[in-house]
Amino acid sequence: MVLVSLSVKNRLILSFGGAAAATVLASALGIFAFVQSWAALDHITQSHLPVAATAYQIAQQTEAIAATAPTLLTSRAQTQRLTAANRIADQMNWLGELIARLEGSEVEAVAGIVRKRDQLFATFKSLDKMVQARIAAKIEKQEAIHALTVSFHAFQDATNEAGAEFASGQAAPGIIEHRLTPGHKLHDAHIAQIAPMARVLGKAIQTNLLAAANAPTPFGLKNLRNEFQVIAKRAEAEISELPGKAAARISKPFQDLKRFGSGDENMFNLRERELKAAAAAERMVYAYNQNGKSLVFAANVLIQAAQDEIETATQESRENLKLYGWILAAIAAFCVLGAVGLALYIGRDIGGRLVALQRSMAIHASGGTHKIPSGGNDEITRMAEALKGFISTIEQREDELRHARDALKKKVVEIQLSKRRLREAKEEAELSNRSKSEFLANMSHELRTPLNAIIGFSELTQNQAFGPVGDEKYIDYAKDINDSGHHLLQLINDILDLSKIEAGKLDLYESFVDLDEVVLSSMTIIKERADSGNLKVVSKVPHNLPTLYADGLKLKQILLNLLSNAVKFTQPGGTIELTVSATPEHGLTMRVSDNGIGIAKENLSKVIAPFAQVDSTLSRAYEGTGLGLPLTKALVEMHGGTLDIESETGVGTAVTVQLPSERLGGFADSVSSLA
């Protein structure tokens, strides 16, 4: 077969290439189906859903607008009407904005919705005008009622005055004839009763007019108008029976009262106008509601149409996805069958040979021997041949490693012997160093006893404690002996301290030390030596430094050693500066700087080594043992601090001592733990 003649590489490429092609085809079909579904969904979301949502909002907004009509209709004042009208106008504007959203869409019903919205707006404007007219008529009616009340009281006052005149006898005595009908006459007593009757009729007119002002229907208003005419005629007849003076007094107020029922702007006309305006407004509310319902119906039709479009698009997408699904299933089945066939074919050929080769490799790896399978002319055969060469190489390398291992064992034994000799040499060196330290300590103690006697006797001689010594030169010699003795004693003390430190036997006697006092006493001691060397000493020390938990003598020794070195290695005319600062963040910092001869960088490590000397002209001019800086560094480190040196030849040297903030007086808890 053609497939058998191919190499393993080509067979695998062919197999997986076919599977990849089928996968690419299925993926392309899936992507195409996804794009189609996405396009349908995008069309729905971009076209139909916004239309349906906007139409729903239009319907909701229209129903809300229609619900506000009763509020406008029942308004009792112009301000209340304006508030309701403005609210409806705002809702109308929002409705217009919603409809404007639909005008850009391809929807045929938008024009009808716009037209119905315009009709609704026009109906709202008409309704507002009618309500305004009704409120205006009502206001005129209320003003007329007020004027009616005033006229009625004026009429009552006039009738009361006329009755009072008759009661007080102001009218002419005797019989006054008044023709009611031919052959009838009235006495004065009868005339006096006409005034109260006029008042009753006036009250009847007022009551009639007030009832007309609140007549619920036009029919009831018509009956009240007829009743008014009857009462008015009866009142006119009664007033006409009065004498001339009484009639004149009552007639004018009566006419003022009567005009509210018979004048141009009478109560009946005002109420009739109000009823007509109210009836027209109610009819307009009906039309307003009908237009609103029509707009809601149009919006619902639009919603239903959008829903139908969405359902149609969804159904089409569902059908397409179903078709694509069947196609993908067919491709997947083809891929599965092809993969199974290829797996069976390749497994029997390639897999079987690889398993045999792996088994042979495992036997060789465990130390056994096994024939490596061969045959064919493909990659597996070449792999078997390479494995044979690899096994041969491994066997050769194993022999080489065996020889190298024997040599390594011999080398390890030699190294172990060297380590033991080095350990013994180290122990001998440590013992020698301890012996040296003990010897120096013992010698220092032996030297201090006679040296103290020399210093004491020289001080007695210098001070002439037992009388004059004669020649003045003896006093100078005694002073030189005393100075040399003190210098030698200081040297011995330094050697003793350094030896104790190296032996770990130097103890610190710590307590709270006044830094101001330590700095001041050190500056006082060094000032005389600086003045004698024509040196300027500058102190930059703040006032009221905190206390420090330390060994006061050792702290003073540290500061004096640094200042003494600065004085010693600074030429005349130079400057020495002392800077001290204390902060909770950085602890205590003491810095001594000078502009002396300086130290070369390669010699910085020497100056902190015991008994080391840096070769320079000035250093030979001033003798020294080289213990100052090493001892100072050891004392600083015993206090948990650090000592740093910065120097440059011909520029000067700066030595900085840093002690931890836990030793400052403000850190009582930490200091107690140090104690």
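Taking the conditions exactly as written (more than 48 Å from the chain's Cα centre (by Cα), within 30 Å of Lys116 (Cβ to Cβ) and of a type in the set (Val, Ile, Thr)), does Val285 satisfy them or not?
Yes: the conditions hold for Val285.
So Ala237 passes all but one of these: (1) part of a helix (DSSP H, G or I); (2) under 27 Å from Lys129 (Cα atoms). Which condition number does it fail?
For Ala237, the exception is condition (2).
Can you spot a residue in segment 240-247 that is modelled with pLDDT of 80 or more and surrounded by fewer than 14 Cβ atoms within 10 Å (Cβ to Cβ)?
So far as segment 240-247 goes, no, none of its residues is modelled with pLDDT of 80 or more and surrounded by fewer than 14 Cβ atoms within 10 Å (Cβ to Cβ).
Please work out which one of (1) surrounded by fewer than 20 Cβ atoms within 10 Å (Cβ to Cβ); (2) part of a loop (DSSP other than H, G, I, E, B) is the condition Asp531 fails and give its number.
The one condition Asp531 does not meet is (2).
Return the residues of segment 290-312 that are open to solvent by less than 20 Å² (accessible area, probe 1.4 Å) and either in contact with a His (Cβ under 6 Å, 6 or more places away or on another chain) or basic (Lys, Arg) (or both); say none if nothing qualifies.
Ala306
Which pairs have Cβ atoms under 6 Å, sit 6 or more apart or on different chains, and link a residue in segment 564-584 that is within 13 Å of Leu535 (Cα to Cα) to one that is acidic (Asp, Glu) and buried (at least 19 other Cβ atoms within 10 Å of the Cβ)?
As it stands, the answer is Ala566/Asp594; Thr570/Asp594; Ile576/Asp594, since those pairs meet every condition given.
Please identify the pairs in which a residue from segment 211-222 that is over 17 Å from Ile145 (Cβ atoms) has its Cβ atom under 9 Å from the Cβ atom of a residue that is of a type in the set (A, V, I, L, M) and surrounded by fewer than 20 Cβ atoms within 10 Å (Cβ to Cβ), counting only partners at least 6 apart or on another chain.
These pairs meet every condition: Thr217/Leu275; Pro218/Leu275; Pro218/Ala279; Gly220/Ala211.
Identify all residues within segment 206-227 that are open to solvent by less than 20 Å² (accessible area, probe 1.4 Å), among the aliphatic types (A, V, I, L, M) and in a helix (DSSP H, G or I); write none if there are none.
Passing the criteria: Leu209, Ala212, Ala213, Leu221.
Restrict the check to segment 169-188 and report whether at least one residue is at pLDDT below 80, touching a Gly at 6+ places or on another chain (Cβ under 9 Å) and surrounded by 15 or more Cβ atoms within 10 Å (Cβ to Cβ).
yes
Taking the residues in segment 433-463 that are open to solvent by less than 80 Å² (accessible area, probe 1.4 Å) and modelled with pLDDT under 70 as candidates, determine which candidate is nearest to Asp480 (Cα to Cα).
If we take residues in segment 433-463 being open to solvent by less than 80 Å² (accessible area, probe 1.4 Å) and modelled with pLDDT under 70, then Arg448 is nearest to Asp480 (Cα to Cα).
Could you pull out the residue among Gln57, Gln78 that is surrounded by fewer than 20 Cβ atoms within 10 Å (Cβ to Cβ) and farther than 20 Å from Ala306 by Cα?
Every option except Gln78 fails the conditions.
Looking at Glu637, is it in a strand (DSSP E or B), out of contact with any Gly (no Cβ under 7 Å at 6 or more places or on another chain), at pLDDT 90 or above and open to solvent by 20 Å² or more (accessible area, probe 1.4 Å)?
no
Please give the number of the condition Arg620 fails out of (1) open to solvent by 60 Å² or more (accessible area, probe 1.4 Å); (2) at pLDDT 80 or above; (3) of a type outside the set (Asp, Glu).
Against the list (1) open to solvent by 60 Å² or more (accessible area, probe 1.4 Å); (2) at pLDDT 80 or above; (3) of a type outside the set (Asp, Glu), Arg620 comes up short only on (2).
Which condition does Pro630 not pass, out of (1) at pLDDT 80 or above; (2) out of contact with any Pro (no Cβ under 9 Å at 6 or more places or on another chain); (3) closer than 29 Å to Lys568 by Cβ; (4) not in a strand (DSSP E or B), if it passes all the others?
Pro630 satisfies every listed condition except (2).
The values are calculated or read from the model by the stated rules, or taken from the named source; none is laboratory data. Just so you know, these numbers come straight off a predicted model, no measurement behind them. For neighbour counting, all protein chains shown are included, and Cβ atoms are generated from backbone atoms with ideal geometry for every residue, glycine included. Just the protein is used for accessible areas: all its heavy atoms, side chains included, with ligands, DNA and RNA removed. Shrake-Rupley method; radii C 1.70, N 1.55, O 1.52, S 1.80 Å.
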